[in-house]
Structure formats: structure tokens, C-alpha cells
């Protein structure tokens, strides 16, 4: 039996944002995604295309994804950023049929891991 499809598949933006968010957090070295940055005016400017450290916009060649994150101090920023880009692209292309034009990683901060010695001093 052959089924012909003449319909169109669409995705809720919250699903897309969730896939991106989870794929970014899977990478070792990512301390977390930035919830707030640049003040409250930025949240208004980004409106519904922003969700906990992820902003998505549409270009003529596909999606442009900006990911705002913090990285642990004992990891190389460039390597973590490249792995996040790869994992996000893989997650989107595996789960959804959408074109991705660019994935921009914006490192907003470095988080320092507390060692057992630091904890003992408290």
C-alpha cells in the first residue's frame, strides 16, 4: 500500500526551542544556558522566539539559531562551542525536516567548579 502525502508538516516553536535547549545541555562543559542577559528590553525584543538561552529567527536560507550559554572553566571554549553546534544541528535534522542556516554560540560567562578543598573551607 502506498500513501501519497500532499500535506505539510509544521512544528510548534516551543518544540524546536526545547530540542535546541536539550541538545546544548547534553554537551560536557556546558554549565547551563543563560536565562537573562542584556536586561529586560531584550526579552521584549525577542518576544516569542526566545526560550532560556535560545533565540531562533528565520532567514531566507533557513533558521538562524543563537545559543547563549555559560561554560565550565576547565573546558576549552572553542571545543565546547563546536560540540554544541554539532549536537544541535544533529538533533534538529534528526527530529525535524527544517533547514539550518547558522548556529551561533554566544558564551556569556565562565563558571568555576568548586573543589572539595573549597567546600572544606566553608
ask   = Inside the range 59-73, can you point out the residues that are within 24 Å of residue 114 (Cα to Cα) and surrounded by 15 or more Cβ atoms within 10 Å (Cβ to Cβ)?
value = 68, 69, 70, 71, 72
query = For the subset of the range 74-85 comprising residues that are loosely packed, with under 13 Cβ neighbours inside 10 Å and farther than 10 Å from residue 105 by Cα, which member is modelled with the highest pLDDT?
reply = 76
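The values are calculated or read from the model by the stated rules, or taken from the named source; none is laboratory data. Nothing here was measured: the structure is a model prediction, and the numbers come from that model. Counting neighbours? That spans all protein chains shown, and the Cβs are built from the backbone with ideal geometry, glycine included.
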